[in-house]
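Here's the structure we're looking at; comments come further down.
The values are calculated or read from the model by the stated rules, or taken from the named source; none is laboratory data. Since we're looking at a predicted model, the values are computed, not measured. Ideal geometry is used to build each Cβ from the backbone, glycine not excepted, and the neighbour counts take in all protein chains shown. These accessible areas exclude ligands, DNA and RNA; they are computed on the full protein's heavy atoms, side chains included. Shrake-Rupley method; radii C 1.70, N 1.55, O 1.52, S 1.80 Å.
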Amino acid sequence: VPSVLCLGDCQLQTSCRIQKCTTDFVSLTSYLNSALESFDLEFCKALRAYSACTYRNSKVCRGNLDYHSAVLGISDLMTQRNCSKDGPTSSTNPELTHDPCNYSGHTEARKHQGVEKTPPPTYLFCGLFGDPHLRTFKDHFQTCKVEGAWPLIDNNYLSVQVTNVPVVPGSSATATNKITIIFKSYQDCTDQKVYQAVTDDLPAAFVDGTTSGGDGNTKSLRIMEKVSGKYVEMHARYIGTTVYVRQLGHYLTLAIRMPQELVMAYEESQDLQLCVNGCPSSERIDDSGHLPLPVMGQLLPQSGAAHPRSVYTLETATTKCHEKMLVKDIYFYSCVFDLLTTGDANFTAAAHSALQDVEALHPRKEHWHIFPSGGGGGVGKGSKFSVGLGLVCLILVVFL
């Protein structure tokens, strides 16, 4: 209720961007050294940029006390530093421009604040699809039960929770039928935004009906519908994060890329994150390794009854998956595994699209494919999995 009552005032407050003007000014001047000869020149350029920013916000900020204080403060500083009102501004120098709602620019900003040898940001990938198969931020591949609601991600910037339900009676395998994503409020870049998708309801908007966060110009957070009711993308520019959500058949898939420093920004109490630490050992269908194939027998009913209904044999499942995926990596074998477990051909598309999402979001091409023989490694003739061993494992665990 308080958030509803606040809505009108909150919108008025966020439309006045004086705080962003001030933040930009602080960022532009924080690296300056007053002992250098260029200090006054650069400081005046930053002041003129600050003044221009306040001018652009003059209409929407008329009743804002911070705005009026900033205008007076700029005037006083210009007098003290003998700055002319006309002249170049810091915004004309791309090396000094820093947008706090653009994560990709943070590294460049740090460089110009005197931080030497600043490495480029490291991005990590996590994906969930199928029965379900989890690829963690560490590129570990697991197959898990995790029935019910589980957190994939829970850090200071983003929370992602999935709900998994049993796929077929008598099997431990589950699949995702609900995804909830919370983009937490961040400075002036966005208010908190919640996205929720369930089977047969994949909206192209957040729960509050909006399609973006931040003001109308920057859109530091936005949601885009790629295929109506089947595929949406969310781009959070302020935290350098991209999220894909798809529905394939009756179930949902998720893929996300996020900067490592933000992934690791969480409290000790938030350590249960499947994308960060993988599934608990008690929830793993696969063995202690990263591959589900050698231990698929755990999916069978404890009574030793026949495998749950499937119209696929090992041969036909392999053929079906090979139509979509030519490389016999872990995504291929996950496809075979899912077809034998469920008999649902939609899982073929899920595995294929999961690999496409990796190729679109994973920053390191040499790690796109994971092969059962090594749990990771690049694409190449020498690293391709020996089909015979995998098929023997499949035959043993599926048909015994």
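Give region 217-228 a look and list any residue that's open to solvent by 40 Å² or more (accessible area, probe 1.4 Å) and out of contact with any helix residue (DSSP H, G or I) (no Cβ under 9 Å at 6 or more places or on another chain), or say none.
At the first step, the residues of region 217-228 found to be open to solvent by 40 Å² or more (accessible area, probe 1.4 Å) are 217, 219, 222, 224-228.
Scanning region 217-228 gives ASN217, MET224, GLU225, LYS226, VAL227, SER228.
Please find, within region 159-173, the residue that is farthest from GLN270 (Cα to Cα) out of those that are surrounded by fewer than 22 Cβ atoms within 10 Å (Cβ to Cβ) and either without any contact (Cβ under 8 Å) to a residue 24 or more places away in the chain or under 12 Å from the mean Cα position of the chain (by Cα) (or both).
PRO166
Looking for whichever is under 13 Å from ILE223 (Cα atoms) and open to solvent by 50 Å² or more (accessible area, probe 1.4 Å) here; the options are VAL207, VAL194. Which one fits?
Numbers: VAL194 fails: open to solvent by 50 Å² or more (accessible area, probe 1.4 Å).
Result of the check over VAL207, VAL194: VAL207.
Looking at (1) touching a residue at least 40 places away in the same chain (Cβ under 8 Å); (2) touching a Phe, Trp or Tyr at 6+ places or on another chain (Cβ under 9 Å); (3) more than 26 Å from PHE141 (Cβ to Cβ), which one does ASP200 not meet, given that it meets all the others?
Of the numbered conditions (1) touching a residue at least 40 places away in the same chain (Cβ under 8 Å); (2) touching a Phe, Trp or Tyr at 6+ places or on another chain (Cβ under 9 Å); (3) more than 26 Å from PHE141 (Cβ to Cβ), the odd one out for ASP200 is (2).
Could you list, in sequence order, the residues of region 267-282 that are open to solvent by less than 40 Å² (accessible area, probe 1.4 Å), under 16 Å from LEU158 (Cα atoms) and at pLDDT 90 or above?
Matches in region 267-282: GLN273, LEU274, CYS275, VAL276.
Given the criterion over 23 Å from SER353 (Cα atoms), buried (at least 18 other Cβ atoms within 10 Å of the Cβ) and in the same structural domain as THR174 (by the TED database), identify the matching residue among TYR238, TYR231.
TYR238
For region 50-66, name all the residues that are open to solvent by less than 30 Å² (accessible area, probe 1.4 Å) and either of a type outside the set (S, T, N, Q) or over 21 Å from PRO88 (Cα atoms) (or both).
TYR50, CYS53, CYS61
Being surrounded by fewer than 24 Cβ atoms within 10 Å (Cβ to Cβ), modelled with pLDDT under 95 and either closer than 30 Å to SER172 by Cα or in contact with a Pro (Cβ under 6 Å, 6 or more places away or on another chain) (or both) is the filter here; which residues of region 113-133 pass it?
PRO121
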